[in-house]
Amino acid sequence: MGASGLTIVIKLGTSSIVDEKSHEPILSILTLIVETVAKLRKDGHRVVLVSSGAVGVGLRRMDWDKRPTHLPRIQALAAVGQCRLMSLWDNLFSHLRVPVAQILLTRNDIADRTQYISAQNTFEQLFEMGVVPIVNENDTLAVSEIKFGDNDTLSAIAAATVKADYLFLMTDVDCLYTANPRTNPDAKPIEVVSDISSLEADVSSAGSALGTGGMSTKIVAAKLGTSAGVTTIITKSSKPGNVHEIVKYLQALQETKGQLPPDQPSPPLHTRFLPSDKPIQSVTFWLLHGLTPHGTLYIDQGAYDAICNHKASLLPAGVVGVEGHFAKQEAVRLVVAEKLPPDALNGDFNHHAQEPREVGRALVNYGSMEIALIKGHRSTHIESLLGWSDSEYVALRENISFHPQESRPATPSLVPALEEWKSPRTSSHGRT
């Protein structure tokens with residue numbers, strides 16, 4: 001997609017839009033968000049909101065003081081709060097004649113490939129209709145096994161689903177810093193992170209009493225987003241107008257190929273995580289992040305090399321161990337391990353010189369019991385071992401996805417400012 005007509009996902013946490021003590025919606029912030037979305041749409045961009053807050057709004061509706069711990073009670077509270085939250089969004093957007101749509105998701109909704117594609121098609125149709133999709137996790141139905149866990153993760157998966165250009169994670173800090181600015185006067189804001197894997201941030205913040213996230217979940221979301229080719233940005237939630245200004249700045253940066261004029265105004269403070277130069281594709285992302293693995297296949301180095309370098313499918317001969325109970329066409333982890341000695345117990349990899357490492361995921365053509373019988377054998381032996389044969393491969397290459405292996409210049413050790421830093425900005429930090 002070119003410099004105009006970008007797809008932008010904005011994630012808003014509960015603490016960003018609901019007062020932690022009174023549980024009242026923060027109307028001033030909500031109004032600014034609506035105005036920002038309207039400006040982005042006027043510039044020709046497509047916008048998705050990922051909005052938390054159902055439980056927080058539900059607390060206010062029921063006049064409860066704190067979030068319950070009993071799961072059915074939380075789910076019931078989310079059911080009460082979600083309709084109030086959407087009513088609030090719809091009312092605010094209606095003042096600017098912007099239609100909105102509600103999309104509630106659980107991991108099960110994207111675990112099936114057909115449903116995942118259906119979700120993509122729904123988003124596309126809403127964009128064509130000029131509608132702003134508002135996404136939230138379906139807390140009314142979700143249990144731990146099918147939850148995304150937090151809306152930071154959900155926003156990254158939504159961004160990959162719609163093939164977004166930018167994912168904004170709105171939080172209570174401006175950006176990440178080289179050190180905690182409250183205790184270190186030499187701390188400098190980090191504007192660009194080129195390699196998240198080198199990030200050594202202090203992410204101990206557990207989020208607010210209402211929310212479920214913290215800085216650590218935003219780092220995870222940034223990893224997911226950038227692996228799918230999405231530029232991921234952390235900026236301050238109390239200043240939603242930052243989003244519009246940052247987008248305009250980045251467009252100017254792209255149009256001038258980094259040669260901005262001297263009078264170009266600086267963008268608001270933010271941390272920008274650069275996307276992978278080899279982003280994983282839609283099917284790969286779905287396999288890696290849309291499905292919950294039900295077991296593990298241990299494969300040898302030769303099988304791993306053949307799949308990676310020669311686009312081969314996984315043969316039974318390359319499987320050295322099976323762990324867990326799973327059925328045909330379920331997702332499993334792929335772990336590279338050395339071949340076992342003949343007298344080793346099945347699945348005992350603890351004595352190996354090299355630690356087994358997870359390298360990806362796969363959809364299997366056989367269940368765990370069948371693979372345990374055919375592992376290490378030639379494909380021509382499958383029928384004699386099982387009494388039947390469905391495929392010569394344990395997993396087809398198109399149903400295998402590997403975790404991205406990126407090599408980028410290292411980024412300095414980073415520490416997020418977990419409290420608002422109010423000192424004036426200086427010109428000592430460069431821009432990219």
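The values are calculated or read from the model by the stated rules, or taken from the named source; none is laboratory data. Note that the coordinates shown come from a computational prediction; the quantities given were computed from them, not determined experimentally. We place every Cβ from the backbone using ideal geometry, glycine too, and count neighbours over all the protein chains shown. Areas reflect the complete protein model, heavy atoms only, side chains present, ligands, DNA and RNA absent. Shrake-Rupley method; radii C 1.70, N 1.55, O 1.52, S 1.80 Å.
Could you check how many residues of the stretch 372-386 are assigned to a loop (DSSP other than H, G, I, E, B) and either of a type in the set (Val, Ile, Thr) or open to solvent by 100 Å² or more (accessible area, probe 1.4 Å) (or both)?
The qualifying residues number 1.
Which one of these is over 17 Å from Lys375 (Cα atoms) and assigned to a helix (DSSP H, G or I): Leu288, Leu269, Leu260?
Leu288
Do you know which residues across the stretch 161-175 are open to solvent by 10 Å² or more (accessible area, probe 1.4 Å), under 20 Å from Ser276 (Cα atoms) and not hydroxyl-bearing (Ser, Thr, Tyr)?
Hits for the stretch 161-175 are Val162, Lys163, Asp165.
Tally time: how many residues in the stretch 284-333 are in contact with a Pro (Cβ under 6 Å, 6 or more places away or on another chain) and at pLDDT 90 or above?
The number of residues fulfilling the criteria is 2.
If Gly302 satisfies all but one of (1) touching a residue at least 24 places away in the same chain (Cβ under 8 Å); (2) touching a Gly at 6+ places or on another chain (Cβ under 7 Å), what's the number of the condition it fails?
(1)
Only one of these is closer than 24 Å to Lys236 by Cα and buried (at least 18 other Cβ atoms within 10 Å of the Cβ): Leu104, Leu12. Name it.
The conditions single out Leu12.
Could you list all residues from the stretch 257-285 that are hydroxyl-bearing (Ser, Thr, Tyr) and open to solvent by less than 50 Å² (accessible area, probe 1.4 Å)?
Selection gives Thr271, Ser276, Ser282, Thr284.
Just to be sure before I move on: is Arg97 open to solvent by 60 Å² or more (accessible area, probe 1.4 Å) and on the phi > 0 side of the Ramachandran plot in the structure I sent?
Judged against the criteria, Arg97 is a match.
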